[in-house]
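Below is one structure, written out as structure tokens, with a few remarks after it.
The values are calculated or read from the model by the stated rules, or taken from the named source; none is laboratory data. Keep in mind that this is a model prediction, so the values were computed, not measured. When we count neighbours, we look across all protein chains shown, and the Cβ atoms used for this are built from the backbone with ideal geometry, even at glycine.
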Amino acid sequence: MNHILFIAIKHLFGRRKTIFGYITTGIAIGGIFIGVASLIIVLSVMNGFQKDVKERIVDINSHVVVLKYFNEPMKEYKDVMDSIRSFKEIVSMTPFIYSKGLVQFENYADGVIIRGFDLNDSSTAEVLRRHLKFGEVPKNQNEVYIGIDLAEDIRAHTGDLITVATPFGSTETMGSLIPKVSQFTIAGIFDAGMYQYNAELIYIPIEKASEILGLSGSVTGVELMIKDIYKAPELAQKIEKRLGYPFRTNNWIELNGSLFAALALEKKIMFLILLLVVIVAEFNIITTLIMIVMERTTEIGVLKTLGLAQRDILKIYLYQGFIINFIGTVTGLAAGLTACFLLSKYKFIDLPGQVYLLDKLPVDVQFWDVIFVLALTVVVSFVATLYPAMKAASMDAVKAIRYE
Amino acid sequence: MNSIFTVSDLNRDFKVTDKTIRVLNNINLEIEEGKVTLILGPSGAGKSTLLHIIGTLDSPTSGKVLYKGEDIHSLNDKKQAKWRNKNIGFIFQFHYLLNEFLAYENVMLPSLFMNKSFKESAKSARELLGELGLEERTEHKPNELSGGEQQRVAIARALINDPDVILADEPTGNLDSKNTQFVMDFFKKINNEKKKTFIIITHNEELLKYADRNVNMKDGFIVA
């Protein structure tokens, strides 16, 4: 062991046998511990949130949609599908209908988003099955599939007969619009993991949806699932080019851009706020080190008489600061990672889904985030240690040992 | 005469608020190698300051201190530290041992600073403590030792690197007559055996019998 480190360790852990010495060192270590642990936990939760939200959006929605300008009904969807089938990136495609309507059951009613889906499309069936909570996936034109929060809102269960009303029925006399009303049996109830979907979506077989929306066989568009979801904007552009006017495309990244931007911003802000915790903790370390330096005035002088140069004294206190920071950082890191592990394994924190989109606290520890936190702590702690260490180094040996 | 230290035209001023006090006034002094030099004088005469400047713990306002012909105050901090470590053993009125370190650990510090190994340093520290009659005390902490023992540990620490010069500031100031005699006899012994140079500050005129030469100071001047 290096003799400078030897002295640093002895000085740090052998502080005068007062409880006070231990408490101040303990607080200094504790501050860093809290800062590092909370940085890691919070950043991981932010990552997890972003990842989960993304996954759910991508999961239940298609990656790219082909529409017509002004959302004109698309009658020629079969031709559209044929002409883009050659794109290798496409995993599956299916026509869909997207509209708004009203659902009513007994005395309860709620506004909904109607999604028309192809009963015979296997990939849609698979997505629907994955989120099935109660009952089963619709099998015929008179069955529907609704979100769990919607079911709760209208107090409906599987097997119940609900009424769906759409504003685009037939224009009757006197120019007033008579809503079209149809009845469906709830075949199944799903849980997509996101409140927004669970509370608003109702899946209706596409032919029936087209009929009740007065589309007479047309659909809203064609939706595509693709291999690499991050290539969605690129592919969307290619498709648009091939199809030309009056077709246009949209993709999941564009549609949810503001949400992801908000999440990214939130992460940055949380990072800065928690960095303040670390900085405040470093002030504790500065104080502790200054106290140690004050306690050690005589010793520092004596060490100089014994042949230590200013640089050596500087190193003694840099080492001490390093040791305090190291213990705080490593234990904070361990605690943070442990907490993240427990959170992701046991998912014991429930969130109110209406507020946070998700109902469990998600966690995603990202390697580079952890490295970044550690690197930053090292830099901040070094800066914090510098002042007390320089103070100690510049201490006048004579003042320390003069007693006349 | 072979001088180990040559002090020439040495002045040292201290600034106290807006006043400048001259603590050392035109000091010229030759310290002979291998001899015991005693510096006597009342408090405030500037004895300690002189000793500190000779030992590079303090710098002169003007003037020079030559050690074997070399101007030691022209060295940088690192070189001065190395020079102290190798050539000078300091002993003070208070033992100034480090409380967290065991007796032998205190003694071996200067040796470690010379980059000698822990093992080697610990061995010579224990031997030296044995020579000072402390073989039973090597693993004790300073606060478990008596005043006389503490000072002997401090002496061992000053001697571990086998320095040419021992600078002692009231080394017996806190000791009873028995311990005083032990310390001074020991100094005299290594002075005789190893031809070490001693510069000792004291109030105690009884120590004069150990001195080869005595220097009297008063108000920053050498008076005799």
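Here are a few things to note about the model shown:
- Across region B:14-30, the qualifying residues are those that are out of contact with any Phe, Trp or Tyr (no Cβ under 7 Å at 6 or more places or on another chain) and within 14 Å of chain A (Cβ to nearest Cβ), and the one among them that is surrounded by the most Cβ atoms within 10 Å (Cβ to Cβ) is B:Leu24.
- Taken over region B:79-100, the criterion of being among the basic types (Lys, Arg), facing chain A (nearest Cβ under 7 Å) and either under 16 Å from B:Ile166 (Cβ atoms) or within 13 Å of the chain's Cα centre (by Cα) (or both) is satisfied by B:Arg84 alone.
- The condition of being exposed (fewer than 15 other Cβ atoms within 10 Å of the Cβ) and either farther than 26 Å from B:Gly148 by Cα or modelled with pLDDT of 95 or more (or both) holds for only one of B:Glu70, B:Glu33, that being B:Glu70.
- Here A:Ile269, A:Ile327, A:Ile290 are screened, and the one residue that is closer than 16 Å to A:Ile32 by Cβ and away from chain B (no Cβ under 14 Å) is A:Ile327.
- Residue, farthest from B:Ile190 (Cα to Cα), within region B:123-146, restricted to residues that are among the polar types (S, T, N, Q) and assigned to a helix (DSSP H, G or I): B:Asn143
- Residues located in region A:361-373, provided they are surrounded by 15 or more Cβ atoms within 10 Å (Cβ to Cβ) and without any contact (Cβ under 8 Å) to a residue 60 or more places away in the chain: none
- Qualifying residue in region A:342-358 (condition: touching a helix residue (DSSP H, G or I) at 6+ places or on another chain (Cβ under 7 Å), part of a helix (DSSP H, G or I), farther than 30 Å from B:Leu57 by Cα and more than 14 Å from every other protein chain (Cβ to nearest Cβ)): yes
- Entry remark, region A:122-163: residues being over 19 Å from A:Gln196 (Cα atoms) and in contact with a Lys or Arg (Cβ under 7 Å, 6 or more places away or on another chain) number 2 in total.
- Considering the conditions (1) in a helix (DSSP H, G or I); (2) within 13 Å of chain A (Cβ to nearest Cβ); (3) touching a residue at least 12 places away in the same chain (Cβ under 8 Å); (4) surrounded by fewer than 20 Cβ atoms within 10 Å (Cβ to Cβ), B:Glu120 is excluded by exactly one of them, (3).
- Tally of residues being closer than 19 Å to A:His63 by Cβ and either outside any helix (DSSP H, G or I) or of a type in the set (Val, Ile, Thr) (or both) across region A:255-270: 1
- Enumerated helices (runs of 4 or more DSSP H) restricted to region A:1-95, each holding at least 1 residues that are in contact with a Leu (Cβ under 9 Å, 6 or more places away or on another chain) and under 30 Å from B:Glu100 (Cα atoms): A:3-13, A:19-60
- Test: residue in region A:10-23 that is surrounded by 19 or more Cβ atoms within 10 Å (Cβ to Cβ) and among the hydroxyl-bearing types (Ser, Thr, Tyr): no
- Under the condition of being in a loop (DSSP other than H, G, I, E, B) and either at positive phi or more than 11 Å from every other protein chain (Cβ to nearest Cβ) (or both), the residues counted in region B:36-64 number 6.
- Matching residues, region B:65-76, being over 19 Å from the mean Cα position of the chain (by Cα) and either of a type outside the set (Asp, Glu) or within 7 Å of chain A (Cβ to nearest Cβ) (or both): B:Gly69, B:Ser74, B:Leu75, B:Asn76
- Residues (facing chain B (nearest Cβ under 8 Å), part of a helix (DSSP H, G or I) and out of contact with any Lys or Arg (no Cβ under 7 Å at 6 or more places or on another chain)) located in region A:302-315: A:Val302, A:Leu303, A:Lys304, A:Gln310, A:Asp312
- A:Ser218, sole failed condition from (1) polar (S, T, N, Q); (2) surrounded by fewer than 17 Cβ atoms within 10 Å (Cβ to Cβ); (3) at pLDDT 85 or above: (2)
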